[in-house]
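The values are calculated or read from the model by the stated rules, or taken from the named source; none is laboratory data. Everything numeric here is computed off the predicted structure, so don't read it as measured data. A quick note on method: Cβ atoms are made from the backbone with ideal geometry, for glycine too, and the neighbour counts reach across all protein chains shown. Side chains are part of the model used for accessible areas, which takes the heavy atoms of the whole protein and leaves out ligands, DNA and RNA. Shrake-Rupley method; radii C 1.70, N 1.55, O 1.52, S 1.80 Å.
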Amino acid sequence: MIGRRALTAGVVAALSAAALVTAATPASAATTLGAAAAERGKYFGVAVAAGHLGESDYTATLNREFRSVTAENEMKWDALEPNRNQFNWGNADRIFNHARGQGMAVRGHTLVWHSQLPGWVGGLDTSNLRSAMVNHINQVMGHWRGQITAWDVVNEAFEENGSRRNSVFQQRLGDGYIEEAFRAARAADPNAKLCYNDYNIDRWDYAKTQAVYRMVQDFTARGVPIDCVGFQGHFNSGNPLPSNYHTTLGNFASLGVDVQITELDIAGSGQTQAEQFRGVTQACLAVARCNGITVWGVTDKYSWRPGDTPLLFDGNYNKKPAYDAVLATLNGGTGEPGPGSCTVTYQETNRWGDRFNGQVTVRAGTSAISTWSTTVTITSPQRVSTTWNGTPSWDSSGTVMTMRPNGNGNLAPGASTSFGFTVMANGNWTAPRLGACTAS
Ligand code: 9MR
């Protein structure tokens, strides 16, 4: 009876409770994003802000998980050349040196962009703007010559309808400015890959995507130097990952350029968000010329849109379900429960002054299963006083409970069951930890 009451309460609590999902991964699988991507021949990178490098959790997460770095703002025109021909390298070098010190690659972002442009640029006439643009490219690329893997040479030059954005560069220099920038960039650092970078070019049947595609097609046909296209990947519910994303990446790659996911962040939470991150990762894995993925920040707390919680680590640097999905996908799985597999999710469903109820949902993968097993580890001096809908067994310490079915082992593909338990807190309110779920 206590079980029925707890499970009913759990339906309400589940709406707000954070879920911890543990999916089975092969024992030999890489345990970080950077290592897992490297095993697939790709990089996994992140945008970094110099101001956070002194925060130990931030830097520990950065160093552990990522193998490529983009400066979130520090290599932009206003940061590097606030006055004409007067360059400030301090914050950009701080990021660059940190990354190189860790053996990470560095992406350069960005040379020619209408935004974060110092005021003096807007006041220049045509010939002065042309020489200022070429000088900026020469100085900035020259500063790190041979040491930056790819540069976003031109950023966001198109409108949504596929026309050219009416920037100061477009107004003064005309359509040819993009080509001029790429030619100058090739001369300034012949070893860097030169990318055109933009957002909303993910859906193949979209005017802006088509316009950028035609430009790249024209450049490659005429021998204008271009090596890669950056797909920023800022997705949200109004602008979700399109179903033909894979087609888009593949069609650009067929032009003979690399493709890179350069600023990935996806609004949302839980499995809905994880699903979209999984889709992006699968698409990059499926296109040989997709070099890698960069997420636009380490933690939700410093995201440029923090309310969207769009990144892989939460504000406390905990791995989110989206992280697990990306890692599992990079490790060769689909990121979804596979045949004969199951996943487990924990929720606290009720709490009193001395105890709480926990509920674990066991979900079958893409095949039916006839039995399952998972572990629940509590923290001493906690004690489990009751369980329901499962058959428990205990290790000698009394803190690790292995749970097997109690008449609820048969699950159709994707179906779930739940078991529950009451934990006497004895002063310790640490949430139980789940082991991997195994099934057959
Ligand atoms: O994340 C960057 C944020 O800190 C800046 O305030 C903002 C200013 O424009 O730029 C953000 O980064 C942008 C990137 O440079 C280009 N693509 C869109 C990104 C998000 O706005």
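Below, the figures for the structure above:
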| quantity | calculated |
| --- | --- |
| Filter result for ARG355 (among the charged types (D, E, K, R) and either under 30 Å from PHE277 (Cβ atoms) or surrounded by 15 or more Cβ atoms within 10 Å (Cβ to Cβ) (or both)) | yes |
| Flag for MET133 being within 31 Å of the chain's Cα centre (by Cα), part of a helix (DSSP H, G or I) and either buried (at least 22 other Cβ atoms within 10 Å of the Cβ) or away from the ligand (no atom under 16 Å from the Cβ) (or both) | no |
| Where ARG165 falls short, out of the listed (1) within 16 Å of the ligand (Cβ to nearest atom); (2) closer than 25 Å to VAL46 by Cβ | (2) |
| Boolean, TYR317 is open to solvent by less than 10 Å² (accessible area, probe 1.4 Å), modelled with pLDDT of 95 or more, away from the ligand (no atom under 16 Å from the Cβ) and farther than 23 Å from ASN191 by Cα | no |
| Every residue from segment 95-120 that is part of a helix (DSSP H, G or I) and away from the ligand (no atom under 16 Å from the Cβ) | PHE96, ASN97, HIS98, ALA99, ARG100, GLY101, TRP120 |
| Scope segment 47-84; condition within 11 Å of the ligand (Cβ to nearest atom), open to solvent by 40 Å² or more (accessible area, probe 1.4 Å) and under 19 Å from TYR317 (Cβ atoms); matching residues | GLY51 |
| Strands (runs of 3 or more DSSP E) (entirely within segment 354-408) containing at least 3 residues that are within 16 Å of THR343 (Cβ to Cβ) and in contact (Cβ under 8 Å) with a residue 12 or more places away in the chain | 355-364, 372-377 |
| Flag if LYS42 is farther than 30 Å from ALA132 by Cα, crowded, with 20+ Cβ neighbours inside 10 Å and modelled with pLDDT of 95 or more | yes |
| Subset tally (residues that are part of a strand (DSSP E or B) and either in contact with a His (Cβ under 6 Å, 6 or more places away or on another chain) or among the acidic types (Asp, Glu) (or both)) for segment 146-160 | 1 |
| Residue list for segment 286-314, restricted to those being surrounded by fewer than 18 Cβ atoms within 10 Å (Cβ to Cβ), more than 16 Å from the ligand (Cβ to nearest atom) and hydrophobic (A, V, I, L, M, F, W, C) | ALA286, ALA288 |
